[in-house]
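Notes follow once the structure below has been shown.
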Amino acid sequence: MNAKRVRHLENALQVFDQMRRTETPFLPLDMFLRRYFQAHKFLDSNDRAWISDKTYELYRWRGLIDHVTTPPHSWVNRMRTFFTSDRWRSNTQNPKLPNHVRSSVPLELFSRLEGSLGTKAAREVCDIQNEPAITYLRVNTNRIARDKVYSFLAARSIPVEKTLNSKAGLLLSSSKQKLLDLPEYQSGYFEQQDESSQLIAGQVDAKPGELVLDYCAGSGGKTLAFAPPMMNQGHIFMHDNRDMKLMEAKRRLRRAAIKNYMLVPPAHPLLPKLRTKMDWVLVDAPCSQTGALRRNPDMKWVYSDERLWRWVAQQREIFEEALKYMKDGGKIVYATCSVLDEENAQQVRFFCERFGLYLSHPPLHALPQSKGMDGFFCATMERK
C-alpha cells in the first residue's frame with residue numbers, strides 16, 4: 001500500500017474532523033477535499049482519486065466500522081479495520097444487528113427516515129446512500145444538441161448514456177473521467193449536474209421575456225438548467241447570501257454564454273423593487289440533504305432532530321420572504337434534496353394554508369435510486 005497516500009488520507013480525515021468541530025462546522029466534504037488538494041499540489045491525479053475514494057467510503061461506513069472496531073474510535077483505528085480485512089462488510093447482512101448499524105447511519109436519522117418511509121424503504125434508502133455517487137451531465141442546449149455531446153463523448157471512448165427523465169441529461173457509466181479537461185466542457189457545452197437537479201430546474205418553465213428569481217441560487221446550477229429555453233430573453237435575478245457562491249455562478253454562466261442574468265445579493269438596491277414582479281420564483285431551500293448523502297456522507301453524522309427543526313424553521317422563513325417577489329398569476333417552486341416529510345409534503349401543506357396557495361400540479365419527488373439519481377422533492381404553487 002502506498003504510504004504517502006495512507007498518510008494523507010489519515011491527515012485529511014483528522015483535519016476535516018477538526019475543522020468541523022471548530023472553524024467551519026458546515027463545510028461539505030467535497031469542498032474540503034478540493035481545498036486540501038489545492039494546498040497539497042504535489043499529489044498527482046491518481047493520489048487525489050485514491051484519497052477521495054477512501055475518504056468517502058470511510059465516511060459512508062463509519063457507523064458499521066465503529067461497531068466492529070475496538071475503542072477508541074479514532075480515524076487511525078477505523079483505517080486499521082477498513083484496510084486489514086473486508087470481513088466487516090459481512091455485517092451489512094447480519095440480522096442480529098440493529099437496522100441503523102447494518103446500514104451505517106445514526107439511530108436518530110434512521111428513526112426519522114423510518115417514520116417518513118417505513119422500515120423497509122428506510123433500509124433501502126440508507127443502503128443506496130452507501131453506494132458511490134453517479135456522475136450526470138447536463139447539456140447546454142442553448143449552444144449544442146444533446147445528441148452531439150453524446151457523440152463527442154462516445155467518440156472518445158467515454159461510456160455514456162442518455163438520461164430517461166431529463167431531456168438535456170447524460171449519464172456516465174464510469175465516474176473516473178477527466179471531464180474538466182475536455183474541450184467540450186471548456187466551451188460550455190455541458191456541466192456536471194445530477195438528474196434530480198435537472199428535473200427540479202425543469203419545473204421552472206420560464207419563457208423568453210419572462211422574469212425569474214432564483215432566490216437560493218448558490219453557484220447557479222438550477223439557473224444554468226432553466227435558462228437555455230429563455231434564449232437570453234427576459235431576466236433572471238440570482239439571490240444568495242453567500243457572495244463567493246454568486247461569484248462562482250457568474251463564472252459558470254459566462255462559460256455557458258448565458259447573458260440575461262443579474263446578481264442581487266441581500267444588500268442590492270434593486271432587490272426591493274423586484275417585489276410582486278416575478279413570473280417565476282425558485283426556492284431551492286437549504287435542507288437536511290437526506291436524499292443526496294452519497295455526495296456528502298459526512299452530513300449523516302452531524303444529523304440531529306434538533307437541527308432538522310432548525311432547517312424546517314429556516315425553510316419557512318426563506319419561503320415567506322421569496323413569496324413577496326411573485327406577481328399575481330406567477331408561480332413559486334419549492335424544492336429540497338431531502339426525503340423527509342417534515343421538509344417536503346408537510347411544508348407544502350403549511351405554505352398553502354398559511355399563504356393562500358394551491359398546487360399547480362402534483363409534486364415531483366423521488367427516493368435515491370441505485371446507480372441512479374439522488375432523492376429530491378419539488379412542488380409548484382400559485383395563489384388562489
Qualifying positions in region 118-145 - of a type in the set (Gly, Ala, Ser) and part of a helix (DSSP H, G or I)
ALA121, ALA122
Suppose we filter region 59-91 for residues that are within 29 Å of SER338 (Cα to Cα), touching a residue at least 60 places away in the same chain (Cβ under 8 Å) and open to solvent by 40 Å² or more (accessible area, probe 1.4 Å); how many remain?
1
Residue under question is ASN94, and the condition is that it be over 27 Å from ALA345 (Cα atoms) and without any contact (Cβ under 8 Å) to a residue 40 or more places away in the chain; does it hold?
yes
In this structure, is GLN38 out of contact with any helix residue (DSSP H, G or I) (no Cβ under 7 Å at 6 or more places or on another chain), open to solvent by 30 Å² or more (accessible area, probe 1.4 Å) and not acidic (Asp, Glu)?
yes
Would you be able to tell me the number of residues in region 118-139 that are more than 25 Å from LYS222 (Cβ to Cβ) and either at pLDDT below 95 or surrounded by fewer than 16 Cβ atoms within 10 Å (Cβ to Cβ) (or both)?
4
Restricting attention to region 163-174, does a residue exist that is more than 29 Å from ALA379 (Cα to Cα) and surrounded by 12 or more Cβ atoms within 10 Å (Cβ to Cβ)?
yes
For region 219-256, how many residues meet the condition of being within 15 Å of the chain's Cα centre (by Cα) and open to solvent by 10 Å² or more (accessible area, probe 1.4 Å)?
5
From LEU170, LEU224, LEU213, residue being touching a helix residue (DSSP H, G or I) at 6+ places or on another chain (Cβ under 9 Å), farther than 19 Å from ASP284 by Cα and not β-branched (Val, Ile, Thr):
LEU170
So which residues in region 272-303 are open to solvent by 10 Å² or more (accessible area, probe 1.4 Å), of a type outside the set (Asp, Glu) and more than 20 Å from GLY221 (Cβ to Cβ)?
PRO272, LYS273, LEU274, ARG275, THR276, LYS277, TRP301, VAL302, TYR303
Among the residues of region 304-322, how many are more than 28 Å from VAL125 (Cβ to Cβ) and either in a strand (DSSP E or B) or open to solvent by less than 10 Å² (accessible area, probe 1.4 Å) (or both)?
1
State all residues of region 180-216 that are more than 18 Å from the chain's Cα centre (by Cα), closer than 21 Å to SER166 by Cα and of a type in the set (Gly, Ala, Ser); if no residue qualifies, say none.
GLY188, ALA206
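The values are calculated or read from the model by the stated rules, or taken from the named source; none is laboratory data. All values derive from a computational prediction rather than experimental measurement. Every residue, glycine as well, gets a Cβ built from its backbone with ideal geometry; the counts of neighbours run over all protein chains shown. We work out accessible area using only protein heavy atoms, side chains counted, and drop any ligands, DNA or RNA first. Shrake-Rupley method; radii C 1.70, N 1.55, O 1.52, S 1.80 Å.
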